[in-house]
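This report refers to the structure that appears directly beneath it.
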Amino acid sequence: MPNHLHGILLFTDVGAGHARPLPVVVGAFKAAVSKRVGHGVWQRNYYEHIVRNEAELNRIRHYTEDNPGNWLADPENPETCTCFPTPSWC
């Protein structure tokens, strides 16, 4: 989707006392991307979900791969926005 990012983080072989909290990992990623782009590009919060099994991982992967096909119907798509009054993002 042009207006957001999906990602799956896989943590392996993380021993006790060595793991970084998820907000630290996400914050470091956002900071690195913003530095490379030259300005902040991120919303303040993010949605997180712990994947518990292979079936759930496959469902999420499928959703992530198919999600860009929903852009034409997305209410935040400026080309198809029919909001009244028109919000600033439209």
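The values are calculated or read from the model by the stated rules, or taken from the named source; none is laboratory data. In this text, all values refer to a predicted model and were calculated from it rather than measured experimentally. Positions of Cβ are generated from backbone atoms using ideal geometry, with glycine treated the same way; all protein chains shown enter the neighbour counts. The area values use the complete protein model at the heavy-atom level, side chains included, leaving out ligands, DNA and RNA. Shrake-Rupley method; radii C 1.70, N 1.55, O 1.52, S 1.80 Å.
Which numbered condition trips up His6, out of (1) assigned to a loop (DSSP other than H, G, I, E, B); (2) free of Cβ contacts under 8 Å to residues at least 12 places away in the same chain?
(2)
Contact list please: Cβ distance under 9 Å, first residue in segment 20-47 and at positive phi, second residue open to solvent by less than 80 Å² (accessible area, probe 1.4 Å) and in a helix (DSSP H, G or I), pairs at least six apart or on different chains.
The qualifying pairs do not exist here.
Looking at segment 33-76, which of its residues are hydroxyl-bearing (Ser, Thr, Tyr), open to solvent by less than 100 Å² (accessible area, probe 1.4 Å) and not in a helix (DSSP H, G or I)? Break it down stepwise before answering.
Initially, segment 33-76 is screened for residues hydroxyl-bearing (Ser, Thr, Tyr), giving 34, 46-47, 63-64.
With open to solvent by less than 100 Å² (accessible area, probe 1.4 Å) added as a condition, the list becomes 34, 46, 64.
Of everything in segment 33-76, just one residue is hydroxyl-bearing (Ser, Thr, Tyr), open to solvent by less than 100 Å² (accessible area, probe 1.4 Å) and not in a helix (DSSP H, G or I), namely Tyr46.
So how many residues does segment 11-23 have that are modelled with pLDDT of 80 or more and open to solvent by 80 Å² or more (accessible area, probe 1.4 Å)?
The initial filter retains those residues of segment 11-23 that are modelled with pLDDT of 80 or more, namely 21-23.
Subset that is open to solvent by 80 Å² or more (accessible area, probe 1.4 Å): 23.
Of the residues in segment 11-23, 1 are modelled with pLDDT of 80 or more and open to solvent by 80 Å² or more (accessible area, probe 1.4 Å).
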